[in-house]
Amino acid sequence: MSSKPQLIIFDTTMRDGEQSPGASMTLEEKVRIGRALERMKVDVIEAGFAIASQGDFESVRAVAEAVKDSRICSLSRARAEDIDRAAEALKPANASRIHTFIATSPIHMKYKLRLEPDAVIEHAVRAVKYARNLVEDVEFSCEDAGRSEVDFLCRIIEAAIDAGARTINIPDTVGYAIPGQFGEMIGQLITRIPNADKAIFSVHCHNDLGLAVSNSLAAVLNGARQVECTINGLGERAGNAALEEIVMSIKTRSDLFPVTTGIYTPEIVPTSRLVSSVTGFPVQPNKAIVGANAFAHESGIHQDGVLKHRETYEIMRAEDVGWNANKMVLGKHSGRAAFRARLEQLGIPVGSDNSLNQLFVRFKELADKKHEIFDEDLHALVSDTQQDVEENYKLVSLEVTSKTGTTPEAKLTLNVNGQEKPVTATGSGPVDATFRAIEAVANSGTLLELYSVNAITSGTDSQGEVTVRLNQAGRIINGHGADTDIVIASAKAYLNALNLMRANIERVNPQGQVEGI
């Protein structure tokens, strides 16, 4: 055991990460991510913004019910109705936290809140006291602290601590800070605030200038003992500080950092892949820690050095963060018991025997197409199967023709509310032709805003996972589909979006209706 104090890792993938356009998650997907974070031993999981929507409320509650080893948190503005909603959603949690915030920068106070500084302090104190009457653990955030005046931050933080806040978060909401300056500010606050010893100081940095991780680490060196971060750096605009980079920086440079973390690092890559699969946001190959090239060596000099002594060019071991540790050794001859056991190990709720049977049938179909099944394939299979929405549109058959010198053509048959409808269409490519054929039947009047393809695993037999984003008069709908045939996966994704649209399920960012930190 390390004698160093433990840095609290606060994951906000399901709250701030979900504010990325198109990155919203279903309740079932949030539960799976929550369980993955729990296996990673994340200290605090911010499961959502309970007041934002009924769906977000239910997601916070579901994560609170499913996750027992991590503290579950819900964000709230400094309003009684927000705090009540958060407290209600958090009731099933073994350990809970309400995270309330108010803006503190001059520009926000003047133009957004339209409040004088003294009134902002009154709102903050009232909110913290109200939250402390409902839960023991209250965190207070100064929104846009990166552009706030230090003297005012000292005043409002001292008052919030007196009111009962035990974690004080300093967010660089717009990614404006520079590491040296941000670290110095954290040090100043801890030194100048008389009751600073009664609270843990936290940071929440955005990546608009590409400095979120650097700013967070500078804060740690200056006394911060909680870092708010997300898997893969997911988040609003340019994203947040990446959890994997924070954790591995502290672990790798333990000679410099006065803290350690309790994170179980072999779960980093599996969790990264899960979040990528759920959101449809692929991880760039050169992404630190979790990118496909993070431990690849092409240069002859590098290869020679690594072969002779790994530490010549590698500062971390690939297996320590989960590379090559998540292969599922199952195939078409595997039984139902082994299949169910692996689902449970991955934290995927199996549900009823009927649900398991449906998944097992799909697994067998996939095993006939692929020699090796990976955990990522399972997550995609579950996402593709457990859609709690009526399938008004079902793909019955699809045939595409595409060859040099001819116009691609798609012939498909859709089952629309029990009636089969054949249709043929042409397009600039096989996917375009397929989408045009679907629209000839659906006539949805939507605009395709995003078409994204991601190979779930390596190899030419890999499943392709497709994400489409449809815009119907301002309603944003995301659809997902996976298959070893990329055209079929594309059709599945488009039909999934149409079914969600027909069911009036908007997989949009619920936090988009209210501001965050």
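The values are calculated or read from the model by the stated rules, or taken from the named source; none is laboratory data. This is a predicted model, so every value here is computed, not measured. Counting neighbours? That spans all protein chains shown, and the Cβs are built from the backbone with ideal geometry, glycine included.
Counting only residues that are buried (at least 17 other Cβ atoms within 10 Å of the Cβ), in contact with a helix residue (DSSP H, G or I) (Cβ under 7 Å, 6 or more places away or on another chain), within 22 Å of H480 (Cβ to Cβ) and not hydroxyl-bearing (S, T, Y), how many does region 388-444 have?
13
Quick one: which residue in I193, I186, I161, I168 is without any contact (Cβ under 8 Å) to a residue 40 or more places away in the chain, buried (at least 18 other Cβ atoms within 10 Å of the Cβ) and in contact with a Gly (Cβ under 8 Å, 6 or more places away or on another chain)?
Of I193, I186, I161, I168, the one residue that is without any contact (Cβ under 8 Å) to a residue 40 or more places away in the chain, buried (at least 18 other Cβ atoms within 10 Å of the Cβ) and in contact with a Gly (Cβ under 8 Å, 6 or more places away or on another chain) is I186.
Tally time: how many residues in region 395-436 are among the basic types (K, R), more than 33 Å from the chain's Cα centre (by Cα) and outside any strand (DSSP E or B)?
1
Check off (1) surrounded by 20 or more Cβ atoms within 10 Å (Cβ to Cβ); (2) not assigned by TED's automatic domain parsing to the domain that holds R273 for G48 and give me the number that stays unchecked.
Only one criterion is unmet by G48, namely (2).
Applying the selection to region 129-147, what residues are closer than 19 Å to T173 by Cβ and assigned to a helix (DSSP H, G or I)?
Scanning region 129-147 gives A145, G146, R147.
Inspect region 77-91 for any residue being under 19 Å from G146 (Cα atoms), of a type in the set (D, E, K, R) and modelled with pLDDT of 95 or more and give the result as yes or no.
So far as region 77-91 goes, yes, one or more of its residues are under 19 Å from G146 (Cα atoms), of a type in the set (D, E, K, R) and modelled with pLDDT of 95 or more.
Between I193, I231, which is more than 15 Å from L7 (Cα to Cα), outside the structural domain of E376 (by TED's automatic domain parsing), more than 26 Å from the chain's Cα centre (by Cα) and not hydroxyl-bearing (S, T, Y)?
I193
Which fully enclosed strands (runs of 3 or more DSSP E) of region 39-121 have 3 or more residues being farther than 20 Å from S202 by Cβ and within 19 Å of the chain's Cα centre (by Cα)? Outline the logic, then answer.
Working: elements: 44-48, 71-77, 96-103.
So the answer is none; nothing clears 3.
Identify all residues within region 11-38 that are of a type outside the set (D, E, K, R) and either in a helix (DSSP H, G or I) or not assigned by TED's automatic domain parsing to the domain that holds G233 (or both); write none if there are none.
G17, Q19, L27, V31, I33, G34, A36, L37, listed by residue number.
Being assigned to a helix (DSSP H, G or I) and under 15 Å from N169 (Cβ atoms): is that true of S216 here?
Here the answer is yes, as S216 does meet what is asked.
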